[in-house]
Amino acid sequence: MSTSPFNCLLEALPLPERLSFISTCDSVELGLTQVLNQPDDTVEYVYFPLTCMVALTLNLEEGEGMEVALIGNEGMVGASLILGVAQSPFGATVQGHGLALRSSAPLFLEELERHPQLHELVKRYVHVSCQQFAQIAICNRYHVVEKRLARLLLMTRDRMHSEDFYITHELLAKMLGVRRVGVTKAAGALHTQHLISYRRGVVRIDDAAGLEAAACSCYETDKAVYARLLVC
């Protein structure tokens, strides 16, 4: 596997097909809180994160958004195009700045026709995403905030490839769909157990194994689904 920034989906392609597709993409730097799509926007670009992280959200009637997925270099943004859907079902906002490969929607659809293996891979990714969306719905319904927060921090760690990352309590509350006081209480419990520390928006995972033990089972389930259907 390459030691330079990479995307797992594209790494899974045969080298000639991968290089051919990448040659049609632009390398872009995405900034923190940059909005890539609003719900129901026409998808103009697809993104393959390399070192950045993107949160997909749905808006509630009250005007607040709730996280339905985090996408790092294991996935892509804009996969709905393969279903023939030109409108984005979710909002997409950068929650960890970094690099991504970007392709215009028309060019991406042309590349899917040219590269059957890319087409098959994106279809499998959409299938995995649907399973993960369902898992998150179950998680939000049945698991306590502390376990969900541990899962979210581990997911962020995996996608940012760092034990340290910038993420505020306000953002965590929005992503978990709870009040900020709930996140503060849950983060305090994890801190008391010496699993994490935080200062001015920067979270550090001090005990990864302990945090995994504290997380709900959805974290391992998500990883197992991805490993079974997509290889990174």
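Accessible surface for E170 stands near 120 Å², nearest 10, in the context of the full protein assembly shown (1.4 Å probe). For the residues K147, K185, a 1.4 Å probe over the protein chains yields an accessible-area ranking, largest first, of K185, K147.
Taking a ≥ b ≥ c as the square roots of the Cα gyration tensor eigenvalues, the chain comes out prolate, since a/c reaches at least 1.5 and a/b is larger than b/c. Only Lys, Arg, Asp and Glu carry charge here, each on its Cβ (+1 for the first two, -1 for the last two); on that basis the chain has a dipole of about 660 debye about its Cα centre.
Pairs of Cα atoms nearer than 8 Å and 6+ residues apart set the relative contact order; for the stretch 8-120 it is 39 percent.
With R₀ fixed at 45 Å, the C-beta to C-beta distance from H119 to H97 puts the FRET efficiency at about 0.90. For T42 and L19, what does the FRET efficiency come to when R0 = 25 Å and r is the distance between their Cβ atoms, rounded to the nearest 0.05? Rounded to the nearest 0.05, the efficiency is 0.30. Spatially close Lys pairs in the chain, defined by Cα atoms under 17 Å apart and a spacing of eight or more places or different chains, total 4.
Here is the list for the stretch 41-101: GluC sites (Glu not before Pro) lying in DSSP coil, each with at most 15 other C-beta atoms within 10 angstrom of its C-beta, are E44, E61, E62, E64. Considering only alpha-carbon pairs that sit under 8 angstrom and 6 or more positions apart, the relative contact order computed for the chain is 22 percent.
The values are calculated or read from the model by the stated rules, or taken from the named source; none is laboratory data. All values derive from a computational prediction rather than experimental measurement. As a convention, Cβ positions derive from the backbone with ideal geometry for all residues, glycine included, and neighbour counts pool all protein chains shown. Ligands, DNA and RNA are excluded from the accessible area calculation, which covers all protein heavy atoms including side chains. Shrake-Rupley method; radii C 1.70, N 1.55, O 1.52, S 1.80 Å.
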